[in-house]
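Take a look at the structure set out below.
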Amino acid sequence: MRVSNLGIRAAGRCVPTTTRTVCRPGTGDEVAVSVASRDQTPFAMAEQATRELLHRAGLTEGDLERQYYLVCNEGPGDYLFQLAGRMILDRLGVGRAYSYNFTQGGNSPLMATYLLACHLAAQPEIARGIVAAPQHWEYHSVGRLLGDAALGDGAAVVLFERGWPRHALQSIVTRTDGRFHDVVYNEVGGWRVPMTEEPCRAGRCVYRVHNTAHYEELAKSTVDLLAPVIDQALEEARVGWSDVDQVVFDAATPQLRQDFLDRFRIPEERAIDSGMGGAWMCSAGLLLAFGRLLERTDLRPGSTVLATSVGIDGNWAAAVIRV
Amino acid sequence: MREKTAKESPLVSADLAETAEISGIAGIAGIGVALAESRVDPWKEIAPAAGMKESLRDYLGCYSVPIANGQESPSHFALTAALRALEEAGICPSEVDVVISNNITSDYLDWQMSGYLASELGIEDVTTFDIYAGCNSAGIAYQAAMAIMKADPSVGTILIALSEHLGGGTFPQFIGDGGCAWVLRRGHADLTLVDFSNINAEMPRLGLLPEGGVINPFTPESRFDGEWQDNVEFNMDAYKQELKPIFVPMCASPFLEVCEKAGIAPDEVDRIFLVHQQKEFNRKLIAHLGVDESKTPLHYIHDMGHISGFDVFICLKRAMDEGLVVKDDLVGLVVMGLGELHAFLIRY
């Protein structure tokens with residue numbers, strides 16, 4: 001989809017400073033991941049990140065009234081079965097808003113951006129919207145691992161605004177291969193494994209890889225499968241690879257990160273990632289990278305940025321941004 | 001078979017500078033319903049265990065609900081409903097560009113039922129996502145789908161396929177199991193959206209599942225009797241003091257708002273369908289809206305109870321099949337769930 005007249009105005013983050021070392025099973029390498037304190041609940045971190053975003057944008061909580069707040073919902077909430085967006089807005093003191101939560105595997109910030117662009121196109125009275133991704137994996141993962149990814153805690157938010165001239169979206173493309181719907185999920189709490197005492201006490205209420213064969217297939221092919229999505233995003237933005245000055249991206253594992261850079265021949269100096277080292281923050285990762293993009297004052301206005309992320313859930317997306 | 005629009009015209013635009021007009025872009029080309037095959041008399045099978053008084057019989061107004069057997073999963077209902085909706089629309093699954101599902105009471109938690117449906121239906125070139133919500137997922141999904149239709153001309157067909165599997169519950173009505181799907185088609189002239197209203201604001205906190213989240217995670221010592229639905233702590237005092245006094249006007253507010261936006265009086269709708277709460281509550285709501293009671297088939301509650309927010313699409317389909325909704329009728333849909341309210345005006 002080609003997009004016009006929508007820019008990234010600000011970003012906010014709340015990443016705990018406490019870290020813990022996680023040993024990645026595939027390679028045995030150790031990764032430092034951020035670990036939330038007792039008070040840093042998912043919604044508290046999202047609230048703090050949103051307050052930081054508002055401060056940076058020079059806006060107040062009142063400026064979010066009747067605006068959009070979309071949440072990438074793969075992570076657990078303060079309590080289960082709550083609507084994260086509404087809970088965060090309540091903490092912020094925001095009254096009426098447009099807010100919902102959705103899942104698309106564990107890597108959906110560009111899907112949220114696509115949906116937000118659509119909503120703003122359909123409702124001209126709406127000026128802005130936030131994409132949020134709170135993450136907390138201490139209790140709802142297996143040892144802070146998701147396949148080969150080491151999971152960190154934190155929250156990241158990005159504000160998109162109608163008519164904002166800087167970091168303007170040019171295109172967004174999303175794609176799903178439904179065969180991989182069964183790679184990651186929480187088996188407890190649905191129809192097949194009801195949330196009863198036994199599976200909960202046994203530690204089965206966790207988000208983890210279930211279809212290992214599909215996971216391994218994806219790990220080998222996901223970067224290649226991303227290529228046509230990127231090509232379409234570039235085409236719809238009416239630019240080519242040679243026009244891309246910077247790539248803002250996120251990858252679930254260091255191996256996928258390297259595969260991505262190698263596959264598309266992107267030098268390190270042209271890559272902006274989450275800055276989390278080898279740790280992964282699921283949907284928050286690319287939002288953190290957007291925040292780092294906004295901090296880059298050396299990029300000339302008008303330069304072209306490709307945004308994408310490499311997850312492990314059968315969904316791909318890419319966007320083109322003009323600084 | 002129609003080729004996907006994206007392949008014909010990849011350079012499309014969501015221009016946020018232009019004045020948007022969401023009405024008339026796309027219509028509902030097919031609605032599919034899949035309810036559980038088995039039926040129970042809730043006053044024999046559900047009410048006694050729930051301690052419900054027989055005196056509530058006529059207030060609830062429900063005498064039969066569809067309850068799933070051991071093999072009927074949420075995804076079974078969604079897939080069956082999707083196939084029926086596509087068949088009614090005369091659309092090949094491969095023409096679908098976007099699949100939207102829900103996943104708060106799905107086969108698993110946080111899985112991609114939308115991706116499962118795309119896979120089972122053989123839809124390869126597609127985008128899918130799942131709304132994480134309760135009854136309000138019907139309103140959110142429809143609103144999101146129409147926004148996609150407005151903004152992304154490469155999308156020609158959207159399949160919304162939702163299911164709910166909370167059968168045997170008793171609030172706000174006897175709850176049954178089933179799914180409902182509808183197909184939105186660009187340019188389709190029937191059942192087009194005229195306007196919508198969505199009210200999402202701070203609400204009294206009524207229900208909380210104390211264990212299982214980040215604040216109080218499950219441990220090997222967790223005590224958890226029954227399923228999660230049985231362990232939600234419901235704040236009856238807050239319900240009685242804070243919500244009940246305002247519940248009728250609150251549920252009425254999105255419909256009154258959308259009528260005002262559309263410049264019509266509420267009673268100008270030809271038919272209106274409400275999410276199934278208690279039959280007598282829905283009667284009060286209709287009266288509060290100022291709509292003649294004959295314009296809503298309250299008796300649909302008798303053999304359906306409440307399934308989910310998509311009750312309104314099940315009722316719309318049934319009313320069309322029975323000839324209660326005819327061409328050019330203006331139809332109102334009122335959806336409420338988990339503290340969120342939606343109203344839609346559509347033209348058949």
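The values are calculated or read from the model by the stated rules, or taken from the named source; none is laboratory data. Given the structure is predicted, the values throughout are model-derived calculations rather than measurements. With ideal geometry, Cβ positions are generated from the backbone for all residues, glycine too; neighbour counts draw on all protein chains shown.
Each row is one residue, and each column tells you yes or no for (1) more than 17 Å from A:Val158 (Cβ to Cβ); (2) touching a Gly at 6+ places or on another chain (Cβ under 7 Å); (3) surrounded by 21 or more Cβ atoms within 10 Å (Cβ to Cβ).
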| position | (1), (2), (3) |
| --- | --- |
| A:Cys14 | no, yes, yes |
| A:Phe43 | yes, yes, yes |
| A:Leu70 | no, yes, yes |
| A:Asn73 | no, no, yes |
| A:Gln82 | yes, no, yes |
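Name the pairs: first residue in segment B:11-34 and among the charged types (D, E, K, R), second residue at pLDDT 70 or above, Cβ to Cβ under 6 Å, at least 6 apart or on different chains?
B:Asp15/A:Ser4
Within segment A:128-164, restricting attention to residues that are away from every other protein chain (no Cβ under 14 Å) and in a loop (DSSP other than H, G, I, E, B), which residue is surrounded by the most Cβ atoms within 10 Å (Cβ to Cβ)?
A:Gly152
Among the residues that make up segment B:183-192, is at least one of them over 13 Å from B:Asp97 (Cβ atoms), more than 18 Å from the chain's Cα centre (by Cα) and within 8 Å of chain A (Cβ to nearest Cβ)?
For segment B:183-192, residues over 13 Å from B:Asp97 (Cβ atoms), more than 18 Å from the chain's Cα centre (by Cα) and within 8 Å of chain A (Cβ to nearest Cβ): absent.
Residues to consider are B:Leu209, B:Leu162, B:Leu166; find the one that is in contact (Cβ under 8 Å) with a residue 24 or more places away in the chain and within 9 Å of chain A (Cβ to nearest Cβ).
The match here is B:Leu209.
Can you list the helices (runs of 4 or more DSSP H) found entirely within segment B:37-103 that contain at least 2 residues being outside the structural domain of B:His276 (by TED's automatic domain parsing) and without any contact (Cβ under 8 Å) to a residue 40 or more places away in the chain?
B:42-45, B:47-50
Scan segment A:48-78 for residues that are within 30 Å of A:Gly147 (Cβ to Cβ) and more than 14 Å from chain B (Cβ to nearest Cβ) and report the count.
Going through segment A:48-78 one residue at a time, the tally reaches 3.
Does A:Val183 satisfy being closer than 23 Å to B:Ile131 by Cβ, touching a Phe, Trp or Tyr at 6+ places or on another chain (Cβ under 7 Å) and more than 7 Å from chain B (Cβ to nearest Cβ)?
yes
Modelled with pLDDT under 95 and within 21 Å of A:Pro124 (Cα to Cα): does that describe B:Ala145?
no
In segment A:190-202, is there at least one residue being surrounded by fewer than 17 Cβ atoms within 10 Å (Cβ to Cβ), more than 30 Å from A:Leu6 (Cβ to Cβ) and either more than 10 Å from chain B (Cβ to nearest Cβ) or small (Gly, Ala, Ser) (or both)?
yes
Restrict the check to segment A:245-252 and report whether at least one residue is more than 25 Å from A:Gly154 (Cβ to Cβ) and not assigned by TED's automatic domain parsing to the domain that holds A:Ala150.
Among the residues of segment A:245-252, at least one is more than 25 Å from A:Gly154 (Cβ to Cβ) and not assigned by TED's automatic domain parsing to the domain that holds A:Ala150, which makes the answer yes.
Can you tell me how many residues in segment B:124-153 are within 7 Å of chain A (Cβ to nearest Cβ), over 23 Å from B:Met336 (Cβ atoms) and not in a helix (DSSP H, G or I)?
4
Of the residues A:Arg91, A:Arg66, A:Arg56, A:Arg86, only one is basic (Lys, Arg) and not in a helix (DSSP H, G or I); which?
The conditions single out A:Arg66.
Read through the list (1) buried (at least 20 other Cβ atoms within 10 Å of the Cβ); (2) under 22 Å from the mean Cα position of the chain (by Cα); (3) within 14 Å of chain B (Cβ to nearest Cβ), then give the number of the only condition that A:Asp231 fails.
(1)
Failed condition for A:Val247, given (1) within 14 Å of chain B (Cβ to nearest Cβ); (2) touching a helix residue (DSSP H, G or I) at 6+ places or on another chain (Cβ under 8 Å), with all others met?
Among (1) within 14 Å of chain B (Cβ to nearest Cβ); (2) touching a helix residue (DSSP H, G or I) at 6+ places or on another chain (Cβ under 8 Å), the lone unmet condition for A:Val247 is (1).
Counting only residues that are surrounded by fewer than 16 Cβ atoms within 10 Å (Cβ to Cβ) and within 14 Å of chain A (Cβ to nearest Cβ), give me the helices (runs of 4 or more DSSP H) lying completely in segment B:238-348 with at least 1 of them.
Output list reads B:244-262.
Looking at segment A:306-323, which of its residues are more than 17 Å from A:Ala251 (Cα to Cα) and buried (at least 24 other Cβ atoms within 10 Å of the Cβ)?
Selection gives A:Val320, A:Ile321.
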